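Remarks on the structure that follows.
The values are calculated or read from the model by the stated rules, or taken from the named source; none is laboratory data. Remember, it's a predicted structure, so these values are computed and weren't measured experimentally. So basically every Cβ, Gly included, is an ideal-geometry build from the backbone, and we count neighbours across all protein chains shown.
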Ligand code: SF4
């Protein structure tokens, strides 16, 4: 079974830290964009699908009727599994009761809400278009529509964010009883407004030790409130992990539709153009995105660094053997031994996992497999 990711590169306004592919001020292209998505789906008609994810950008920046048009075409173009997970990302500043009742009637059963913080001061510093009050109203509207699976995105290491304000955001988040939380450290990317402000010395960014301290605080807090960390940045209660995102970490196939969307199937990675005109042209000419075949060496490295992100289960020796017909120790034995000696990996029989220390330097650990 494959997953479907559909990218909506529209936002009302650019957040000050954002380097995602999203074009504020182009909302008037919504209809034309949806038509292009529908044409693109034809190329994959009939695929067996068990997860659908509408992300962005901000899907809910478009009119609910346009999202409904996309979702009904998804239902008629693909063969959807009975228990298909259908997620829509929503911004609390661009949705209301009508949005979610419309989405629920189209089969959406999971909403990922971009909260980031429950401090209005931090939200304004980040350039978010919503307030804490909007978050509460959005969660009420999602539940009212009968959607039972909610994920909230939170951010830590925001300039000026104290341990107390992070604690307060976590407390308010869990009080809403979401099934899932994604918690990311703020990363300043070149070209963003916050990056420039930091270059001018206008921001008090936490240092690496503070960043790790905040991460440890949130992991502990969420554990005490019944959320299992199943991936470095993702937490779920009652087993409600993101089935769609798990495809990325397990190298399962997914089809990406829309500008800048990525796909992975038949051991090839594909990428659509980010530029809207180039994307319309590609779809209009019925050209499939150019693919890059993954070599066996790259596939084995991906298996390791994507799989290790899953903190609970890590990577499995028997699964590696099943995928590649080679033993994991034959390929990566010495690297694993060295990282275990440094207490960055834990090797327990079939499974190898990151230790807490390994999680703190996970990018350096992943580089060891590339
Ligand atoms: S809502 Fe998301 S995609 Fe849009 S500008 Fe903000 S961070 Fe970027």
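For this structure, a couple of remarks:
- Verdict on residue 132 being under 20 Å from the mean Cα position of the chain (by Cα), more than 14 Å from the ligand (Cβ to nearest atom) and closer than 23 Å to residue 61 by Cα: no
- Residue 88 vs. criteria away from the ligand (no atom under 13 Å from the Cβ), closer than 15 Å to residue 74 by Cβ and buried (at least 17 other Cβ atoms within 10 Å of the Cβ): yes
- Selection status of residue 21, assigned by TED's automatic domain parsing to the domain that holds residue 198, within 16 Å of the ligand (Cβ to nearest atom), surrounded by fewer than 23 Cβ atoms within 10 Å (Cβ to Cβ) and within 24 Å of residue 186 (Cβ to Cβ): yes
- Qualifying residue in segment 39-51 (condition: in the same structural domain as residue 72 (by TED's automatic domain parsing), within 10 Å of the ligand (Cβ to nearest atom), touching a residue at least 12 places away in the same chain (Cβ under 8 Å) and surrounded by 21 or more Cβ atoms within 10 Å (Cβ to Cβ)): no
- Residue within segment 215-226 that is surrounded by 14 or more Cβ atoms within 10 Å (Cβ to Cβ) and either outside the structural domain of residue 105 (by TED's automatic domain parsing) or farther than 25 Å from residue 246 by Cα (or both) present: no
- Odd one out for residue 9 among (1) surrounded by fewer than 16 Cβ atoms within 10 Å (Cβ to Cβ); (2) within 16 Å of the ligand (Cβ to nearest atom); (3) modelled with pLDDT of 95 or more: (1)
- The criterion of at least 1 residues that are at pLDDT 95 or above and surrounded by 14 or more Cβ atoms within 10 Å (Cβ to Cβ) is met by the following strands (runs of 3 or more DSSP E) wholly inside segment 246-328: 254-257, 262-265, 268-271.
- Taking the criterion of being surrounded by 15 or more Cβ atoms within 10 Å (Cβ to Cβ) and over 20 Å from the mean Cα position of the chain (by Cα), the residues of segment 170-186 that qualify are 172, 176.
- Options 223, 247; residue that is under 26 Å from residue 152 (Cβ atoms) and free of Cβ contacts under 8 Å to residues at least 40 places away in the same chain: 223
- Among (1) within 16 Å of the ligand (Cβ to nearest atom); (2) at pLDDT 95 or above; (3) farther than 24 Å from residue 243 by Cβ - the single one residue 59 does not satisfy: (3)
- Set 95, 106: member being more than 16 Å from the ligand (Cβ to nearest atom) and under 23 Å from the mean Cα position of the chain (by Cα): 106
- Segment 118-127: number of residues that are surrounded by fewer than 24 Cβ atoms within 10 Å (Cβ to Cβ) and part of a helix (DSSP H, G or I): 6
- Options 113, 123: the member that is free of Cβ contacts under 8 Å to residues at least 40 places away in the same chain and either within 20 Å of the chain's Cα centre (by Cα) or within 13 Å of the ligand (Cβ to nearest atom) (or both): 123
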